[in-house]
Structures are given as C-alpha cells and as structure tokens.
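Undergrad: Dumping the structure here so I can ask a few things about it.
The values are calculated or read from the model by the stated rules, or taken from the named source; none is laboratory data. Just so it is clear, the structure is predicted and the values come from calculations on it, not from any experiment. Positions of Cβ are backbone-derived with ideal geometry, glycine not excepted, and every protein chain shown enters the neighbour counts.
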Amino acid sequence: MKLSERKTLKKKEQILMTAIAVVNKRGYDGATMEEIAAELLMTKGSLYYYFKNKGDLMYECHKFVLSDAMGALEMALNEEGTAEEILRRMISSHIDYAIEEKETNNLIIEPHRFFDEEQLGPVLQLRKKYSSYFDQVIEKGIASGEFQVDEPIFVRMMILGAMNWIQQWYRPDGRMTLEELKRNFEEYILKLLK
C-alpha cells in the first residue's frame, strides 16, 4: 500500500472515530457534518472528500463499530472454555458495546431508519454474521450437553433482544454497576439455556 493510501485510510479512521463520538453524544439526528468537521479541525467540504454525505458516513461508522464488536465476539468464541464460559464472555462484550456505543448501536438495531437500499443489504449481512456467533456458542452448548434448548434461533433472538434493550434503560448512576448488570444478565440468560 502506498504512503498516500495509508494516510487516506488513517484519516478516514480518525473521521469515523470522531463521528462515532459525536453521534454517541448528540444522537444520529443531532450529529451534523459541520460539528464532526469542527471536531477534526477540518472544513465541512474536506469531510465530503472522504464521505459523500452524512448517510455514507453513518454507514461507515456502523460497519466500523459492528466489525469491531464482531472481532471481540470472534475472540471470545475462539478462546478455550466451556460453552457457558464463552457465552458469558460474549454477553459481557455485547453489553459493553450496547452501553459504550449507545447511539452508534442504534444504527445496528434500527438499520432501516438510517440506511438506503444499497447500504441496507450489507448491513443486514453483517448483523446476520454477528448473530451467527451466538448461534455457534448455543449449538456448541447443545452438542456438549451444557444447554437444553429446543429452539436455538428463538432463544438467540431473545438474548440479543434483551441485551439490545439495555441501552434504553441502563444508567451508570443507577442501582447496579455495569459489572453487576453483566453478571445478572449472564445468570438469567444461562437459565434460559438449561
């Protein structure tokens, strides 16, 4: 890769990280290209050199966050351990993303609202792949006898639905710490599987 290509890639990543921070602070509707550019000490026009519009930028942010989250799940899935231990790590990882990347995570939960038809297909494929990691660990647990599940896909949808809803009600200053919340989710989710 040429030096100029590496510089462009690095700049795009810097823009994505800044855009994610702005979206997490202001929400999708509140984040503007002007504010993102200002945070980067760029002009709005310079931002359009890298991304054609806000939708394109949000699409790339979504891919960036989801790819990062998928990497964390892959790592958990590939580590040694029982299906229960692996699932606990995956639950913890998912909850971290749901809370720390709250607004960007909304792009994952409601892709139809944010993306055009051309972008929606790849977004849904990424989501399907992400979900498949949970399918894999559930199947592993069924095969090893750790989990007793008749409808693994249904259970996976319940698990992800419950964890995705966390961002609607969790407050850092609430009655549970993040670690307590994760432990409780792990315990109750595992009860669904046994």
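Undergrad: Do we find that ALA37 is of a type outside the set (D, E, K, R), modelled with pLDDT of 90 or more and surrounded by 13 or more Cβ atoms within 10 Å (Cβ to Cβ) in this structure? Let's see the steps before the verdict.
TA: On the way: of a type outside the set (D, E, K, R): yes; modelled with pLDDT of 90 or more: yes; surrounded by 13 or more Cβ atoms within 10 Å (Cβ to Cβ): yes.
When the stated conditions are applied, ALA37 passes them.
Undergrad: Determine whether GLU179 is in a helix (DSSP H, G or I), out of contact with any helix residue (DSSP H, G or I) (no Cβ under 7 Å at 6 or more places or on another chain) and without any contact (Cβ under 8 Å) to a residue 24 or more places away in the chain. Before you say what the answer is, go through the steps one by one.
TA: Numbers: in a helix (DSSP H, G or I): yes; out of contact with any helix residue (DSSP H, G or I) (no Cβ under 7 Å at 6 or more places or on another chain): yes; without any contact (Cβ under 8 Å) to a residue 24 or more places away in the chain: yes.
In short, yes.
Undergrad: Still on this structure: If the Cβ limit is 7 Å and pairs must be 6+ apart or interchain, which residue in region 43-64 that is in contact (Cβ under 8 Å) with a residue 12 or more places away in the chain and part of a loop (DSSP other than H, G, I, E, B) pairs with which residue that is surrounded by 14 or more Cβ atoms within 10 Å (Cβ to Cβ) and not acidic (Asp, Glu)?
TA: Close Cβ pairs satisfying both conditions: PHE51/LEU57.
Undergrad: Here's another thing I want to ask about it. Wholly within region 82-147, which helices (runs of 4 or more DSSP H) include no fewer than the required count, namely at least 2 residues that are crowded, with 16+ Cβ neighbours inside 10 Å and at pLDDT 75 or above? Even if it seems obvious, please write down each step before you answer.
TA: Working: elements: 83-100, 102-109, 111-114, 117-144.
Per the criteria, 83-100, 117-144.
Undergrad: Of the conditions (1) surrounded by 15 or more Cβ atoms within 10 Å (Cβ to Cβ); (2) within 23 Å of TYR97 (Cα to Cα); (3) touching a residue at least 24 places away in the same chain (Cβ under 8 Å), ALA21 fails just one. Which one is it?
TA: Every condition holds for ALA21 apart from (3).
Undergrad: Now, a different point. So for region 156-179 (the condition being buried (at least 16 other Cβ atoms within 10 Å of the Cβ) and either of a type in the set (Asp, Glu) or farther than 24 Å from ILE99 by Cα (or both)), does at least one residue qualify?
TA: Looking for residues that are buried (at least 16 other Cβ atoms within 10 Å of the Cβ) and either of a type in the set (Asp, Glu) or farther than 24 Å from ILE99 by Cα (or both), one finds none in region 156-179, hence no.
Undergrad: Anything in region 33-87 that is among the basic types (Lys, Arg) and within 13 Å of the chain's Cα centre (by Cα)? List them, or say none. Full working, then the answer.
TA: Step one: filter region 33-87 for residues among the basic types (Lys, Arg), giving 44, 52, 54, 63.
Listed by number, the list holds a single entry, LYS63.
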